[in-house]
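Undergrad: Have a look at this one before I ask anything.
The values are calculated or read from the model by the stated rules, or taken from the named source; none is laboratory data. Everything numeric here is computed off the predicted structure, so don't read it as measured data. Cβ atoms come from the backbone with ideal geometry, glycine included; neighbour counts cover every protein chain shown. Each accessible area value is taken on the protein alone, full model and side chains, heavy atoms only, with ligands, DNA and RNA left out. Shrake-Rupley method; radii C 1.70, N 1.55, O 1.52, S 1.80 Å.
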Amino acid sequence: MYNIHLFLFSPFIFILQKCFLEMNPDMAPNVVTSTITCETTVPNPPVKKPYKRRIVWRNVILFVYLHLAALYGLYLMFFSAKLATVAFAILSYQIAALGITAGAHRLWSHRSYKAKYPLQILLAFFNSVSFQNSIYEWARDHRLHHKYSETNADPHNATRGFFFSHIGWLLCKKHPDIREKGKGIDMSDLKANPVVMFQHRHYLKVMPICCFIIPTLIPMYLWDESFVNSWFVATMFRYCFSLNMTWLVNSAAHMWGNRPYDKTINPAENFLVAIGASGEGWHNYHHVFPWDYKAAELGDYKMNFTTAFIDFMAKIGQAYDCKTVPDNVIKSRIQRTGTLASAPVKKNPEEEVHPWGWGDETVSEEDTKIAETIYKNE
C-alpha cells in the first residue's frame, strides 16, 4: 500500500514547478536589438502562419494525476479520513475560492472595489492557496478575456467548445492572438501595487507552501490525521474541486442559462455555477457590467457568498468604494438588449472590444457617470 501512495504522490511533486512554468509563458515581448539602415524599399507585411494547436504534454500528465488523486481523495473522504479533515478541506476550498472571487477577480481584475492593505494581504494569501497563477497573471488573462471575449484572443474562448474553455486551454500552447493582444492590456495599476507584485515575484516559493504544504501538515499535526488522508483529501481533492468550480465559470456559464441583460453575447446566468463558485455564475450580468462589485444584479448572499464577504469587510472598514449599477440603468439595458428587447442584433465578437472593468479606457463616459459607489471611504 505504501508503494501505491508513493507512486501517486511523487510524480506530482517532480513535475509541479516545470508544469507551472510551461502553463504560464510570459506575454511580455522579447527585446531584440536591431540596426538602422537606409533601405528605402518597403518590405512586404509579414504573413501570419496558420495557427496549429500544440499540446503541452507535461500539463496533460499533471492534470491526469491531479484528477486521479482527487478521485482517490473522494474515496478516502467517505471511508478513511476523519470528519475534521473533511471539514478542513471544505474550509480550505472556501478560502481558496475567496482568493479568486473577492481577490484576483473582483478586486484586482475589475477594480470593482478597493481594499486596505490588511485585506489585500489576506486575499493574496487566499489566492496563493488557490494556485491558479499569481494575481498579476490571473488578472492579465481575465482582462484579456473580457476585452476580447469569445475570440482567439480570449484565453478560454468558449466558442471552441466546452472541453477547451473548461480545461483544454491549459493543455495546449496559447493562440498567437493572446500574446499579441495581451501586450495592449493596461496593467499599470497592478504593477504599482506592492502586495500584488510581491506575490508575483515570489509566487513559486509562496504558492507550494500555501497550497500544498500547510494544508497537508495541519490535519497531521493538529488532529493526528495520516499523511495519506491529509494529502489526498485536504490537498488534492480540495485543489482539484476548486479548479473545476472556477473552470465552470469559463465553460458552463458561457454556454447554458438565460440571458436577461444582453441576448447578443454568450455569457449566461447559471445558478448552479453561482452556488459552486461562490457567486460567480451570474455571468450575463457580469459581462454587461463588469465593474459591479456584486458581479450580479441582486445581493443575495445565499447565491453570492463573495458579496457577503466583501460587505462584511466593508462594515469593518477594510473594503470601500464598492461600485454598483442603479436599478433604472439595469432596466434600461434589459429593454435595449435583453429579454424585453424586440430583436437585438447579434454582433460579431471579432469586431467588438469590451471594457474589462473600472478604469479601462473603453468604459464610456456615460457608464462612468451612472455608476454608484457605496461604502465610501470618508
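Undergrad: Testing the spin-label approximation: label points 7 Å from Cα along Cα→Cβ at I370 and F79. State their distance in nm.
TA: In this crude label model, I370 to F79 measures out at 5.7 nm.
Undergrad: Considering the convex hull of the alpha carbon atoms of the stretch 171-316, report its projected area averaged over all viewing directions, in nm², one decimal. Could the numbers behind the result be given before it?
TA: Details: hull surface 49.6 nm².
Computing the convex hull of the Cα atoms and averaging its projections yields 12.4 nm².
Undergrad: Whole-Å semi-axes of the stretch 199-247's equivalent ellipsoid, largest first, each the root of 5 times a Cα gyration tensor eigenvalue? Don't skip to the answer; put the middle values down first.
TA: Values: eigenvalues 87, 50, 8 Å².
Computed over the stretch 199-247, the values are 21, 16, 6 Å.
Undergrad: Quick one: which residues, 5 or more positions from W282 or on another chain, have an amide H under 5 Å from its amide H? H modelled 1.01 Å from N in the peptide plane, none for Pro or chain starts.
TA: Residues meeting the amide H criterion: N270.
Undergrad: With the other protein chains left in place, how much accessible area per residue, in square angstrom, belongs to the stretch 106-182 at a 1.4 angstrom probe? Don't skip to the end; give the middle numbers.
TA: Working: 2310 Å² over 77 residues.
Dividing the accessible area of the stretch 106-182 by its residue count gives 30 Å².
Undergrad: How large a share of the accessible area of the stretch 113-177, in percent, is made up of carbon and sulfur atoms when the probe is 1.4 Å and the other protein chains stay in place?
TA: Using a 1.4 Å probe with all protein chains present, the stretch 113-177 comes out at 66 percent carbon and sulfur.
Undergrad: As an exercise, use a Förster radius of 30 Å and the Cβ-Cβ distance of R58 and L222 to find the FRET efficiency, rounded to the nearest 0.05.
TA: 0.30
Undergrad: What list of ³J(HN,Hα) couplings, whole Hz, do you get for the stretch 222-234 from phi and the Karplus terms 6.51, -1.76, 1.60, once you set θ to phi - 60° and write x for glycine and proline?
TA: 3J(HN,Hα) across the stretch 222-234, in whole Hz: 8, 9, 6, 6, 6, 4, 4, 5, 4, 5, 7, 9, 6.
Undergrad: For F271 and Q94, FRET efficiency with R0 = 30 Å and r from the beta-carbon atoms, rounded to 0.05?
TA: Once rounded, the FRET efficiency stands at 0.95.
Undergrad: Given a Förster radius of 56 Å and the C-beta distance between K205 and M303 as r, what FRET efficiency does 1/(1 + (r/R0)^6) yield to the nearest 0.05?
TA: E between K205 and M303, to the nearest 0.05, is 0.95.
Undergrad: Can you pull the percent of the stretch 247-313's accessible area that's carbon plus sulfur, 1.4 Å probe, other chains left in place?
TA: 67 percent
Undergrad: Here is a follow-up. Can you pull the one-decimal nm distance between simple spin-label points at T264 and F312, each 7 Å off the Cα toward Cβ?
TA: Those two pseudo-labels are separated by 4.1 nm.
Undergrad: Let me ask something else. Note the full-extension length gain between K49 and K191 as 0.36 nm times their separation in residues minus their Cα-Cα distance, in nm to one decimal. It would help to have the intermediate numbers written out before the result.
TA: Details: separation 142, 0.36 × 142 = 51.12 nm, distance 3.26 nm.
Fully extending the segment from K49 to K191 adds 47.9 nm.
Undergrad: What is the distance, in nm, between label points placed 7 Å from the Cα along the Cα-to-Cβ direction at L71 and at I121?
TA: Between L71 and I121, the label points sit 4.3 nm apart.
Undergrad: Let me ask something additional. At 0.36 nm per residue, and after removing the present C-alpha to C-alpha distance, how many nm does the segment from F162 to A341 gain when stretched out fully?
TA: The F162-A341 span can extend by a further 61.6 nm.
Undergrad: Could you work out the relative contact order of the stretch 130-267, using alpha carbon pairs under 8 angstrom and six or more residues apart, expressed as a whole percent?
TA: 27 percent
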